[in-house]
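What follows draws every value from the coordinates through simple rules; no lab data is involved. All of these numbers come straight from a predicted model, not from anything done at the bench. Virtual Cβ from ideal backbone geometry, glycine too; neighbours counted across all protein chains shown.
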Amino acid sequence: MKTKSLVQSAIVAALYIAVSLISIPFGLAYGPIQFRIGEMFNHFAIFDKKYILSLTIGCLIVNFFSPTGVIDMVFGTLGTLLMTSISYFVGRYIKSVKMKLVISTIICTVSMWTVALELHIVSKIPFWMTYLTVAIGELVTLIIGAIIIYLISKRIDIERMLK
């Protein structure tokens, strides 16, 4: 059972990394306008706490390539740890997959203040405008992920699959 859990965690981290790296050539993985596709996997944290670490490690590795370097590796990664942890703890009290996905989407989108603050401090760009643009990118990515996960959950028991 531990091997299965480790493999699942590694697959989620690898998926986050691979899908997020696709955003780099388009200039959408870092900066004030982000559309980091791998963020859709943040929803997995609402199903099992092991994915908090997977997503945090995935984010850390993707942030190795960030133009802000170590700062993004620390603060961007801590932001992911924070938002996925909150999503997990709130999600524990919700039974409906649909509602879990909605709550996760809201928590992760609102949590983009961490990225906006980091960019404001490092790049001296306006906080509120950056928060708006980063949050919109996160929201779009999470909605796409939520729709995909919800449609899959109509065919298979997604909660059981991710355990």
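Numbers at a glance
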read-out: Value of relative contact order over the chain, rounded to a whole percent, pairs C-alpha under 8 Å and six or more apart; value: 26 percent
read-out: Relative contact order %, region 1-52, counting alpha carbon pairs below 8 Å whose residues are six or more apart; value: 32 percent
read-out: Among the listed pairs LYS4/LYS100; LYS4/LYS163; LYS2/LYS154; LYS95/LYS154; LYS4/LYS154, those beyond 18 Å (Cα-Cα); value: LYS4/LYS100; LYS2/LYS154; LYS4/LYS154
read-out: Kirkwood hydrodynamic radius over Cα pairs of region 120-161, then Stokes diffusion coefficient at 37 °C and 0.692 mPa s, in µm²/s; value: 264 µm²/s
read-out: Span from the region 103-153 Cα centroid across to the region 1-52 one, whole angstrom; value: 14 Å
read-out: Extent along principal axes [Cα atoms of region 46-92; Å; largest to smallest]; value: 36, 14, 9
read-out: Quarter of the Cα convex hull surface for region 1-90, i.e. its orientation-mean projected area (nm²); value: 5.6 nm²
read-out: The chain pair-distance distribution - Cα-Cα, 5 Å bins, rounded %; value: 1, 10, 18, 24, 21, 13, 7, 3, 1, 0
read-out: Largest-first principal axis extents, alpha carbons of region 53-149, Å; value: 41, 27, 21
read-out: Simple Cβ-charge dipole of region 1-90, Lys/Arg +1 and Asp/Glu -1, about Cα centre, in debye nearest 20; value: 300 debye
read-out: Net charge contributed by nearby residues that have their C-beta within less than 14 Å of TYR30 (K/R +1, D/E -1); value: -3
read-out: Ordering of 38-45, 93-100, 59-66 by burial proxy (mean other Cβ atoms within 10 Å per residue, highest first); value: 38-45, 59-66, 93-100
read-out: Neighbour-count order for LEU119, LEU162, fewest beta carbons within 10 angstrom listed first; value: LEU162, LEU119
